[in-house]
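Visitor: Questions regarding the structure given below will be posed in turn.
Any read-out appearing in this document is the output of simple, stated calculations on the displayed coordinates, not a laboratory observation. Not measured: the values here are computed from a predicted model. Here the Cβ positions follow ideal geometry from the backbone for every residue, glycine too, while neighbour counts run over all protein chains shown.
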Amino acid sequence: MKILEFFLIAILLLALTAIPVHCQSANESVVEKLNALVEKDKEGLINATQDLVKIKSVRDVPQAGAPFGEGPAKALNRALQISSDLGFATTNLYGYIGYAEYGQGDEYVAVLAHLDVVPEGDGWTYPPYGAEIHDGKIYGRGAIDDKGPAMAALYALKAIRDANLPLGKRVRVIFGCSEETGGPDVEQYLLREKEPVSGFTPDAYFPAIYAEKGLMSFDMSKNLTDDISDNISEEPRGDIRIISLQGGTAYNIVPDRAVARIQAADPDQVAAACDAFAGMTGYNLSAEIAAEKDGAARTIRITSLGKAAHGRTPEKGKNAAMQLIAFLATLDMGSAEMSEAIRFLNASIGMETDGKSFGLVMDDEPSGNLTLCVGLLNATPERMVLGLNIRYPVTYSFQDVMGRFNQTIEGTGFVAENWQANQSPLYYPKDSPLIMTLTRVYAEQTGRNDSAIAIGGGTYAKEMPNIVASGPMMPGQEEVEHQANEYIAIDQLINVTKIYAQDIYELAK
């Protein structure tokens with residue numbers, strides 16, 4: 001009996017030991033098959049990415065069937081055509097958003113990507129919509145944010161289909177058209193379609209984003225009285241009249257260029273002050289005096305150059321608009337109201353990106369500190385408008401931020417208006433199943449042990465229930481989205497596709 005018991009126990013132990021080895025081997029086989037299929041399709045993936053990058057999909061005037069303008073609609077149609085050519089069922093929801101779908105079942109997993117882009121801006125070495133390949137990189141606006149990752153997700157789904165892997169849920173690769181401008185693309189989707197049970201957006205960093213700050217974009221504006229003489233040439237006091245201030249291209253981009261057009265009775269004095277201020281501060285400011293002369297007044301153009309950065313990390317840029325405000329605050333304005341507004345902005349915001357002088361200092365352990373980005377500056381003698389992008393920690397609320405904000409602007413004449421975005425924080429514990437799956441797949445594919453991270457917010461994940469952001473950026477990778485010479489390395493594009501193929505399979509099996 002004892003001998004029989006011994007053999008039975010030994011057989012049982014061997015069987016139990018073999019189970020995880022068998023499962024691990026099976027999983028490795030699936031991953032190897034998916035990776036091999038991705039490698040096989042890399043030329044198609046590269047070509048599809050180039051096709052989309054060549055389309056200027058900046059939001060524009062709405063048209064029939066194109067609620068965000070011709071460019072985004074053209075990009076959506078092309079993405080759906082690529083999907084159809086690959087054999088996927090496709091749906092276009094009236095130009096707002098569309099998707100490619102594979103599989104069966106009531107529940108589905110979603111990959112939510114976007115095809116719209118921010119304006120290209122200046123300073124490009126290669127054409128921003130050329131999709132040219134140089135040194136193994138595809139250059140162009142949207143290459144990494146988010147057209148390359150969108151095609152990576154599509155070709156990842158193709159690898160799963162070609163591998164004939166059984167799935168327990170449907171999979172949709174969703175193509176939005178107004179992520180960059182806070183448009184109603186996902187809102188329109190959710191009016192017509194039920195929400196996914198899980199998924200991710202390829203719109204941030206690997207391995208996964210477990211916390212995203214709250215986000216708000218709006219105007220801080222003030223009506224002004226141009227109380228200087230209508231004709232500065234009749235009273236050459238040395239006072240300065242601002243004709244216009246302009247800077248920035250979007251709420252969520254640190255302006256890399258801003259321009260002031262002003263009149264002054266003594267333009268040489270203003271130009272000299274500009275040069276001296278630039279030398280003292282290190283700001284890139286220059287003054288150009290117009291050749292034409294109108295009595296005693298002449299027009300001067302002050303140009304401020306800075307460094308662009310994404311609104312979620314404004315500290316990585318150099319705000320050209322606020323550099324300009326800092327210089328103008330040193331001048332003797334003819335308009336008391338304009339002078340007061342400029343000096344308030346310089347004192348309460350200046351070059352800060354943490355809202356300290358504005359009374360907005362907030363931070364927490366999961367997500368860090370509040371950030372404030374002045375993305376837009378527009379002013380005339382009658383009105384001053386700043387476009388702000390504020391991202392606040394996940395344990396704070398909209399009311400917390402605006403309570404302090406309104407307290408600071410009280411009595412200044414400035415008001416908060418023209419809301420472009422207002423997103424609550426997103427927070428998944430690191431040990432939630434979705435975060436753990438994405439983190440594990442990333443580790444298996446890369447051999448790295450990076451942890452899930454918190455960011456400044458603003459990914460597409462906030463728009464769609466039950467998803468988080470994952471990739472395409474690797475930890476420590478150079479950030480090129482929203483900047484001149486945006487690119488995605490071809491090696492990265494292929495590797496991202498492999499990760500996404502395994503992600504989708506793990507979430508949908």
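Visitor: Percent of Cα-Cα pairs more than 45 Å apart in the chain, please.
Guide: Of all Cα-Cα distances in the chain, 24 percent exceed 45 Å.
Visitor: Something else: Among the lysines, which fall within straight-line cross-link reach of residue 222, defined as a Cα-Cα distance under 30 Å, with same-chain neighbours fewer than 8 residues apart omitted?
Guide: Partners found: 213, 307, 316, 318, 356.
Visitor: While we're here: List the equivalent ellipsoid semi-axes of segment 215-422 in whole Å, largest first, each obtained as the square root of 5λ for an eigenvalue λ of the Cα gyration tensor.
Guide: Listed largest to smallest, the semi-axes of segment 215-422 are 32, 18, 13 Å.
Visitor: Can you give me the relative contact order of the chain as a percent, contacts being Cα pairs under 8 Å and 6 or more apart?
Guide: RCO, the chain: 22 percent.
Visitor: Three principal axis extents, largest first, for the C-alpha atoms of segment 388-509, in Å?
Guide: The principal-axis extents, from largest down, are 57, 37, 23 Å.
Visitor: Order these by the 10 Å Cβ neighbour count, fewest first: 114, 310.
Guide: 310, 114
Visitor: Given Cα positions, please report Rg to Rh for segment 291-353, the hydrodynamic radius being the Kirkwood one.
Guide: Ratio value, two decimals: 1.08.
Visitor: Counting only helical runs of four or more DSSP H residues, what would the 222 nm mean residue ellipticity of the chain come to if each run contributes -39,500 (n - 2.57) and the total is spread over all its residues?
Guide: -11000 deg cm²/dmol
Visitor: Express in whole angstrom the spacing between the alpha-carbon centres of segment 265-340 and segment 180-228.
Guide: Segment 265-340 and segment 180-228 have Cα centres separated by 32 Å.
Visitor: Here's a follow-up. List the lysines whose Cα lies under 19 Å from the Cα of residue 169, skipping any in the same chain that are fewer than 8 positions away.
Guide: Those lysines meeting the cut-off are 158, 194, 509.
Visitor: Further question on the same structure: Angle between the Cα long axis of helix 433-446 and the longest principal axis of the chain, 0 to 90 degrees, nearest 10?
Guide: 80
Visitor: With an 8 Å Cα cut-off and a minimum separation of 6 or more residues, compute the relative contact order for segment 215-422 in percent.
Guide: The normalised contact order for segment 215-422 reaches 31 percent.
Visitor: Additional query: Compute the angle between helix 42-53 and the longest alpha-carbon principal axis of the chain, please, reported from 0 to 90 degrees and rounded to the nearest 10.
Guide: That helix lies at roughly 30 degrees to the long axis.
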